[in-house]
Amino acid sequence: MDPLADLLQGVRAHSAAFCQAILQPPWALRIADGARLALASALRGHAWIVPDHGEPVLLGTGDVAIVKGPAPYTVGDDPATAPDIVVNPGNRLTTLDGADVTDQLRLAPRTSGHSLDGSTTLASGTYQVDGEVSDRLLNALPDIVLVRRSDAPSPIMELLAQEVSGEGPGQQIVLDRLLDLALIATLRTWFARPEARAPGWYRAQSDPLIGPALRLIHDAPAHPWTVASMAEKVGASRATFARRFADLVGEPPLTYLTGWRIALAADLLRHSDITIDSVARQVGYANAFALSVAFKRVRGVSPSHHRAA
């Protein structure tokens, strides 16, 4: 796999919390669902995304936005409109004083609002992202990623809206897959823009020398890689390979390899009960002691303390 594919493995829409809201100005929603990542598109009309800290962002018809959480933010018809509904985990809707109005505002399965003929239709999906591997992707993103309709590569959000308006067989699986595709397409479009300041590991994927090396690392992190062995695999001298890798990725090959191994180990420690020695061997260390030395150097804590925390 390439680095982006590996990072996206931890950002999958297993039982995606996808919904659409049909709204009529003035309107504003307080988003407090705690999601680490949200995807939104104005299928009709427009919406302003208003973070608590930062400038409001206008989401026009057909635009797609990725919003990093879990901090709350507001979405409304105008930055000055005060919210009167709070969106909580599980798409539960409440008033500002906590009264549950989910059933009163339900227009159809996964569709909420006051009326079906509202001038704005907002589609959104949320991800409860968890893990060190996924954090490497989130850390590369600004708080709000915006891709305009003119740059959008495909009408995936429209397909999502069509699917959510019905109740066909296997609908949850279809929604999960479409939401994943929408996220991937939006990220690829955004990263391709010069102003996106894509991280070095993303830019380097297209390099004929370093791209294959990154795939080697991600395909076989437990392999006993050296700078020389990676250089030989991609057909370059050790010095040329090391210099080009550092220039494009922003860190030396073995530093990148160590960071990737430690991220994988951190997730294994957190989400499985296999022994630390087994974790060590899976990510390329000879034993638990060797992993502990590297883990402490990179994270400042031992593997056992990370697992306990």
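Scanning for something basic (Lys, Arg) and touching a Phe, Trp or Tyr at 6+ places or on another chain (Cβ under 7 Å), does region 32-40 turn up at least one residue? So far as region 32-40 goes, yes, one or more of its residues are basic (Lys, Arg) and touching a Phe, Trp or Tyr at 6+ places or on another chain (Cβ under 7 Å).
Results for (1) at pLDDT 95 or above; (2) outside the structural domain of residue 148 (by TED's automatic domain parsing); (3) among the polar types (S, T, N, Q); (4) assigned to a strand (DSSP E or B), shown as yes or no for each residue.
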site: 20; (1), (2), (3), (4): no, no, yes, yes
site: 42; (1), (2), (3), (4): no, no, no, yes
site: 53; (1), (2), (3), (4): no, no, no, no
site: 66; (1), (2), (3), (4): no, no, no, yes
site: 75; (1), (2), (3), (4): yes, no, no, yes
site: 78; (1), (2), (3), (4): yes, no, no, no
site: 81; (1), (2), (3), (4): yes, no, yes, no
site: 86; (1), (2), (3), (4): yes, no, no, yes
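If you go through region 66-83 and keep only what is farther than 22 Å from residue 102 by Cβ and in contact (Cβ under 8 Å) with a residue 24 or more places away in the chain, you end up with 66, 68, 78, 79. Within region 48-65, the residues that satisfy the criterion of being over 16 Å from residue 158 (Cβ atoms), hydrophobic (A, V, I, L, M, F, W, C) and in contact (Cβ under 8 Å) with a residue 60 or more places away in the chain are 49, 57.
Results for (1) surrounded by 13 or more Cβ atoms within 10 Å (Cβ to Cβ); (2) touching a residue at least 40 places away in the same chain (Cβ under 8 Å), shown as yes or no for each residue.
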{"site": "233", "(1), (2)": "yes, no"}
{"site": "239", "(1), (2)": "no, no"}
{"site": "242", "(1), (2)": "yes, no"}
{"site": "250", "(1), (2)": "yes, yes"}
{"site": "272", "(1), (2)": "no, no"}
{"site": "281", "(1), (2)": "yes, yes"}
{"site": "286", "(1), (2)": "no, no"}
{"site": "301", "(1), (2)": "yes, no"}
{"site": "307", "(1), (2)": "yes, no"}
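Looking at (1) at positive phi; (2) crowded, with 21+ Cβ neighbours inside 10 Å, which is the one condition that is false for residue 266? Going through (1) at positive phi; (2) crowded, with 21+ Cβ neighbours inside 10 Å one by one, residue 266 breaks only (1). Among the charged types (D, E, K, R), in contact with a Lys or Arg (Cβ under 7 Å, 6 or more places away or on another chain) and within 26 Å of residue 178 (Cα to Cα): is that true of residue 63 in this structure? So residue 63 fits the description; yes. Taking the criterion of being polar (S, T, N, Q), surrounded by 18 or more Cβ atoms within 10 Å (Cβ to Cβ) and within 15 Å of residue 39 (Cβ to Cβ), would at least one residue in region 101-117 satisfy it? Looking through region 101-117, none of the residues is polar (S, T, N, Q), surrounded by 18 or more Cβ atoms within 10 Å (Cβ to Cβ) and within 15 Å of residue 39 (Cβ to Cβ).
Evaluate region 106-115: report whether one residue or more is at pLDDT 90 or above, in the same structural domain as residue 31 (by TED's automatic domain parsing) and in contact with a Lys or Arg (Cβ under 7 Å, 6 or more places away or on another chain). Checked against the condition, which is being at pLDDT 90 or above, in the same structural domain as residue 31 (by TED's automatic domain parsing) and in contact with a Lys or Arg (Cβ under 7 Å, 6 or more places away or on another chain), region 106-115 yields at least one hit.
Residue 125 falls short on exactly one of the conditions (1) within 30 Å of residue 269 (Cβ to Cβ); (2) touching a Ser or Thr at 6+ places or on another chain (Cβ under 9 Å), and that condition is (2).
Looking only at residues in region 161-175 that are at pLDDT 75 or above and either part of a helix (DSSP H, G or I) or in contact with a His (Cβ under 8 Å, 6 or more places away or on another chain) (or both), the one that is nearest to residue 18 (Cα to Cα) is 175.
The values are calculated or read from the model by the stated rules, or taken from the named source; none is laboratory data. This one's a predicted model, so the numbers in the text were calculated from it and none came from an experiment. Methodologically, a virtual Cβ is constructed for each residue, glycine included, from the backbone with ideal geometry; neighbour enumeration extends over all protein chains shown.
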